[in-house]
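Heads up: the structure comes next, in structure tokens.
The values are calculated or read from the model by the stated rules, or taken from the named source; none is laboratory data. Every value quoted in this text rests on a predicted model; they were computed, and no experiment measured them. As a convention, Cβ positions derive from the backbone with ideal geometry for all residues, glycine included, and neighbour counts pool all protein chains shown. Side chains included, ligands, DNA and RNA excluded: accessible areas come from the protein's heavy atoms. Shrake-Rupley method; radii C 1.70, N 1.55, O 1.52, S 1.80 Å.
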Amino acid sequence: MTQRLFTLADGRRIGITVRGAQAAMRWVLMCHPTPGAGGFDPDPHLTERSGLSVISLDRPGYGASDPWRVPPQPSPLRWVEDVDAFLAQCRSDAESLGRVAYRDLAVLGWREGSIFAAAFAAAFRDEVAAVALVEPMTLRAASYGTETSAVWAGERLAPDVGAADSRDPGLTSRLERMLSTAAEQGDAGLDADRAAFKQKVLRESLDSVTAPTLVLARNTKQQRRSAHAYARRLRDVRVALSNAEVPIAAHWAGIITHLQAFGARG
């Protein structure tokens, strides 16, 4: 794992975490939940052997990333511009050394992070080879779900801590560390995400995604509805349901396989 700070043209800093194969030619952009940060790894051993570079950017106000400067208002599209600037600098740095930074991209959204992942996959549809959306949240579910008093509770991510730890003894500790990192600036990141959800760009984003997409949802009434809402707008989609406590961890091997399976675009 490596961690670094990237400074944008406007002076804001973004916290970057890279896991997996540092020199991989396929980069997976992992979009964390709300609240959340980039430090969570669903299964460190599998990630290390995946042959992928899994890159997480703390959204503004979370972890090491500076808060948004308002106006303009936070939005998934504004966040995509930040990611674009980061990727452009990576390409420029590699080219200055006679190298290639990456061949193509994949994107993974977890829970509310799926809203940002969809925006990225739409904007970079010529480069994104595969998309995975795990426990995706509709805008309504994201808005209501992050207004509760228990929004920082780990039970939102792992409803049955005992069951989660019985499968992976370090899982809840990794979740707790992510939430602790996300809270370093108080509610700054949470408030920004809430504002971003109000921009209502999800449907337009999903309509523009062209890469093969895996939608992995928890087998509950709400999650089945969310999965259907996403799937009905996606062009190339496979939906899977899970009874696991933390689907992103329980099915990490299958998610990696999907993110590896499709060739470069273009």
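Points worth noting:
- Residue of Val100, Val128, Val70 that the Gaussian network model of the chain assigns the largest fluctuation, springs spanning Cα pairs under 10 Å: Val70
- Listed residues Ser96, Ser56 arranged by accessible area, highest first, probe 1.4 Å: Ser96, Ser56
- Dipole size of region 70-136 about its Cα centre, with +1 on Lys/Arg Cβ and -1 on Asp/Glu Cβ: approximately 60 debye, rounded to the nearest 20.
- Probe 1.4 Å, all protein chains present, accessible-area order of Arg111, Arg194, largest first: Arg194, Arg111
- Accessible area per residue, Å², region 83-131 with all protein chains present, probe 1.4 Å: 36 Å²
- D_trans [Stokes-Einstein, Kirkwood Rh over alpha-carbon pairs] for the chain, 25 °C, 0.890 mPa s, µm² s⁻¹: 134 µm²/s
- Taking the Cα centre of region 149-229 as reference, the dipole from Cβ charges on Lys and Arg (+1) and Asp and Glu (-1) amounts to some 420 debye.
- For the chain: relative contact order, % (alpha-carbon pairs under 8 angstrom, 6 or more apart): 23 percent
- Per-residue SASA entry for Phe6, accessible area with 1.4 Å probe, Å² rounded to 10: 20 Å²
- Listed residues Asp165, Asp58, Asp10 arranged by accessible area, highest first, probe 1.4 Å: Asp10, Asp165, Asp58
- Only Lys, Arg, Asp and Glu carry charge here, each on its Cβ (+1 for the first two, -1 for the last two); on that basis the chain has a dipole of about 720 debye about its Cα centre.
- Computed in the context of the full set of protein chains, the accessible area of the chain at 1.4 Å probe radius has 49% of its extent on carbon or sulfur.
- Each DSSP beta bridge with both residues in the chain is either parallel or antiparallel, and the antiparallel ones are about 30%.
- Taking all protein chains as they are arranged and a probe of 1.4 Å, the heavy atoms of Leu52 leave approximately 10 Å² accessible to solvent.
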